[in-house]
Amino acid sequence: MKFLLMFTPPFGDLINWASVAEILLNAISTGHYNQVTVPGVYAGLGFLLLPSFWIWTRLPITHPPVGHHHMLFSSSMPVLLLAFLLKVPIFLADIGMGILISNIVSQATGSKSKGRTAFLAWYLNPFNIYWINIFGGMDTIPTCIFMAGLSLGTRSKWFRSGLSLAFAAILRVFPLFTFPFILLAFKNRLSNVVLFVIGFIVPLALAFGFVLSTGVVTFTWIVGIPSRQFWLMDFFGYSLTNIYVKLTYVILVLQFFVTYRYWKGPDLIPLATVSVLALLTAAQAYGGSAQHFIWASPLLTTSVMLNRNEKWSCILTFITACLAPVISPVPLPAVTDSLTWGAFYAAKGNYLIRINLNQIRKFATNKTKTLELQMVTNSLR
Amino acid sequence: MSGRLSGLIENQNAFILLFAVISAVKVVLSGIAPASFEMKDIVTLIQSGNVSIGPWIALYPALYNHTSNATLVAQWLLAAPGQTNTNLQMTSLSVRLPLFILDLASSIALYYTGRTLGSVTTGKLTALIWFANPYALFGIELLGVPDVLAVFLLVASIAMLVRKRPLLSSIFLGLGVWVKFFPILLVPALLLYEHRSKAPRKNSIATVLLSLAGLAAYLQWTTPSWRVYLTAYSPVGQPFPFVAGETAINNSAFVLILFYCLMIFFAKNTKNLVTLLLPSFLVYYAVSNPSPQYLIWVAPLMALDVATANRSRAWLLPIFYGLAFTNWFFSSSAFLTPSGYSLLMFPLGGDNLPSFSLAVTRLLDNSIIVNMLLPLVSSALYACFLAYAIDTALTWLR
């Protein structure tokens, strides 16, 4: 069924991704690598789409010009084939993500059946089906790499974990926000921290070097993105008491404080989950709501499989996500917009609180158990 | 490290020597640091003559007396740091010396408060945390604003309260409100503390009446434009959004009132004065837009908190003031003064700037700093207000 859904007419960003792949293919075939500056930060994902696009150009069909004008909601066979081919990498990432979630859950619970349930919870989630197989959300690829990094981390392969997170950060910026949180998972084991940080920094440094090698213009282009694309500032959230006090930063710093101060020996998955969820709860409706919720989707799936008392919070979050404007595949009357947005943000906030309470209770339980143990030990003396 | 510090504090001679060294640094800097824009504002206010001037003006006899010698004051306002003119250095010192004395007096009052709440060592630690705080040096001596007068009156009020002198405490509180308004934010917490510690009702009545008297006196000296003084402009420059609110429901008033209600509900068993007072200021900061020097108000309470209530929060204090300092640095163009120099005493304007100054000016103009780093620092400071308030308020539940 998922395979068939990949043949839906393209809309949204999928056509933009086709354009990026076309530019990069031209750059490679003509040897004019300075064209890489045109897609800028989108070039990383564009390279991953090159094989799909190249195959499409080799098909014995009439190739329409790439662009919204000719392709938006077009049902012609060449366009449907392009949409299908571009979705193949994310189709693979979708399966890969399911396997990774399954592995993490199996390892943490010691139960293969729970791992299989986790796979299904991811793979059959209507939200994921819509955004991956119909819309063609390319963020699935960096999210899959990010989850691979977490999976490696849960198996204490910290260098490779750092590498994966860095590669994900090159493709999409969100793993950078999780970095300080993940450092709290090391429980004072310095050698692991060093391995992780080296793994994280090396690819980023190489990517930075590559950007500079294409000319300072590329770097300036990337730095200037926020001033050109104002919607990116939506990720910072609302200004609070003055224009410099941004809700996203405030929530992230507060979450970091709560995690550091009140969580006891936190694990990798809850750490990554709260960091991404805090980011998406504070970001304004445009920036943090549409396909970007796919960043949090595998984390929420993993988290709920590890903590069943998050079940209703998780269900509520995904239901409200599916109903939220822009995200909802079925357009709802405009008068309901504020209600559905509000419900979605409230659900994310509720989930964030839920995870925090779980972790703080764990701390309280550990503390109580220690006290009880001491009392028992004392009474035996 | 903590062993060395406690050794230093416990050794009477070493402690006094340390205080003397810090005092010497403060006095020397008071003599050579350039005048700030805030000091220029004070001079302008005095010279204008027809604007309400608060009781805090008593702190600046040097400026008052120098109005006859306007040339010297004008020269001092524009003088570069470290200039060799002794007259200018003495002018600078004479303007800042009363502020230093109040700074020192506050640390003495904190010592006695800490000693009463804990031990002699606690008292010394409290005084040291306040007196050695570089942020307080910037906000008091170098910036030259009169907040330290109200801070001293507040600390004296707390000292009197813990030493069971409620009437004197209320008098100092009322005086503090008269000078700078902000101590009135602590009245609900003080009343709650008096109630919890089963103090006679007359103490609470005295606190309320004298605070109201202080408020009336404050409004009197800011009349006829008290509303503007409280909001857009004042010699103490305090934007109080809950007074300035233009909409039917003012967010700041709403949050502060909610906070006081929560405090009454949840702080039922708390008899710790500091943990009641401290969050009141922090919540106020979080719902207002405080000028950098306002963060000095909370410094004595933080010192008392770390020394007497909870050492495990000590790490938050340097983070709080580190963020506040960085935020202040960027938002004030590296502490620019009328002389064209920074309060950190390097040039920021004019020809032939040294490479360091050029680097700083480029840094201030950098779009990444303005668009990314400054919001991060400001937001982290804001989060720090809330984090500190939450951590302190959680002790109510124990």
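The values are calculated or read from the model by the stated rules, or taken from the named source; none is laboratory data. What you see is a predicted model, and the numbers here were worked out from it, not measured in a lab. Neighbour counts run over all protein chains shown; Cβ positions are idealised from the backbone, glycine included.
Considering region B:319-335, the residues that are away from chain A (no Cβ under 11 Å) and of a type outside the set (S, T, Y) include one that is surrounded by the fewest Cβ atoms within 10 Å (Cβ to Cβ), namely B:G322.
Taking region B:49-147 and the helices (runs of 4 or more DSSP H) fully enclosed by it, the elements with 2 or more residues that are at pLDDT 85 or above are at B:70-78, B:86-117, B:120-131, B:134-137. Restricting attention to region B:284-298 and to residues that are touching a residue at least 24 places away in the same chain (Cβ under 8 Å) and away from chain A (no Cβ under 12 Å), the residue that is surrounded by the fewest Cβ atoms within 10 Å (Cβ to Cβ) turns out to be B:P292. On the stretch given as region B:1-48, residues that are of a type in the set (S, T, Y) and at pLDDT 80 or above total 4.
Does at least one position in region A:336-356 carry a residue that is within 20 Å of the chain's Cα centre (by Cα) and part of a loop (DSSP other than H, G, I, E, B)? Looking through region A:336-356, none of the residues is within 20 Å of the chain's Cα centre (by Cα) and part of a loop (DSSP other than H, G, I, E, B). Of the residues making up region A:273-287, not a single one is more than 14 Å from chain B (Cβ to nearest Cβ), assigned to a helix (DSSP H, G or I) and farther than 29 Å from A:N133 by Cα. Might you let me know whether region A:162-169 holds any residue that is touching a helix residue (DSSP H, G or I) at 6+ places or on another chain (Cβ under 9 Å), free of Cβ contacts under 8 Å to residues at least 60 places away in the same chain and aromatic (F, W, Y)? Within region A:162-169, one or more residues are touching a helix residue (DSSP H, G or I) at 6+ places or on another chain (Cβ under 9 Å), free of Cβ contacts under 8 Å to residues at least 60 places away in the same chain and aromatic (F, W, Y). In this structure, is A:F256 touching a residue at least 60 places away in the same chain (Cβ under 8 Å), among the aromatic types (F, W, Y) and within 14 Å of chain B (Cβ to nearest Cβ)? Yes; evaluated as a whole, the condition is true for this residue. Among the residues of region A:259-282, those that are at pLDDT 95 or above and small (G, A, S) comprise A:A272, A:S275, A:A278.
Checking the condition crowded, with 22+ Cβ neighbours inside 10 Å and more than 11 Å from chain A (Cβ to nearest Cβ), which residue from B:A307, B:A314 passes?
B:A307
Picking from residues in region B:375-398 that are crowded, with 21+ Cβ neighbours inside 10 Å and polar (S, T, N, Q), the one that is farthest from the other protein chains (Cβ to nearest Cβ) is B:T392. Here B:G349 fulfils each of the conditions (1) over 30 Å from A:Q229 (Cα atoms); (2) within 14 Å of another protein chain (Cβ to nearest Cβ); (3) not aromatic (F, W, Y) apart from (2). Which one is farthest from the other protein chains (Cβ to nearest Cβ) among residues in region A:219-240 that are modelled with pLDDT of 80 or more and assigned to a helix (DSSP H, G or I)? Per the criteria, the residue is A:D234. Evaluate the following for A:F256: is it farther than 30 Å from B:I319 by Cβ, aromatic (F, W, Y) and modelled with pLDDT of 90 or more? Criteria not met by A:F256. Checking each residue in region B:16-31 for being out of contact with any Phe, Trp or Tyr (no Cβ under 7 Å at 6 or more places or on another chain) and closer than 13 Å to B:G144 by Cα picks out B:L29, B:G31.
Return yes when A:R308 is at the interface with another protein chain (Cβ under 10 Å from one of its Cβ atoms), within 20 Å of A:Y351 (Cα to Cα) and of a type in the set (K, R) and no when it is not. For A:R308, the condition - at the interface with another protein chain (Cβ under 10 Å from one of its Cβ atoms), within 20 Å of A:Y351 (Cα to Cα) and of a type in the set (K, R) - is not met.
Inspect all residues belonging to region A:68-90 and state whether any of them is at pLDDT 90 or above, more than 30 Å from A:S156 (Cα to Cα) and among the aromatic types (F, W, Y). Within region A:68-90 (the criterion being at pLDDT 90 or above, more than 30 Å from A:S156 (Cα to Cα) and among the aromatic types (F, W, Y)), the answer is yes, since at least one residue qualifies.
Meeting the requirement of 1 or more residues that are modelled with pLDDT under 65, the helices (runs of 4 or more DSSP H) wholly within region B:200-253 are B:226-230, B:241-244. The residues of region B:353-374 that are under 18 Å from B:P292 (Cα atoms) and facing chain A (nearest Cβ under 7 Å) amount to a single one, B:L374.
Just one of the numbered conditions (1) within 11 Å of another protein chain (Cβ to nearest Cβ); (2) part of a helix (DSSP H, G or I) is not true of A:I243: (2). The criterion of being within 14 Å of chain A (Cβ to nearest Cβ) and at pLDDT 90 or above does not hold for B:G340.
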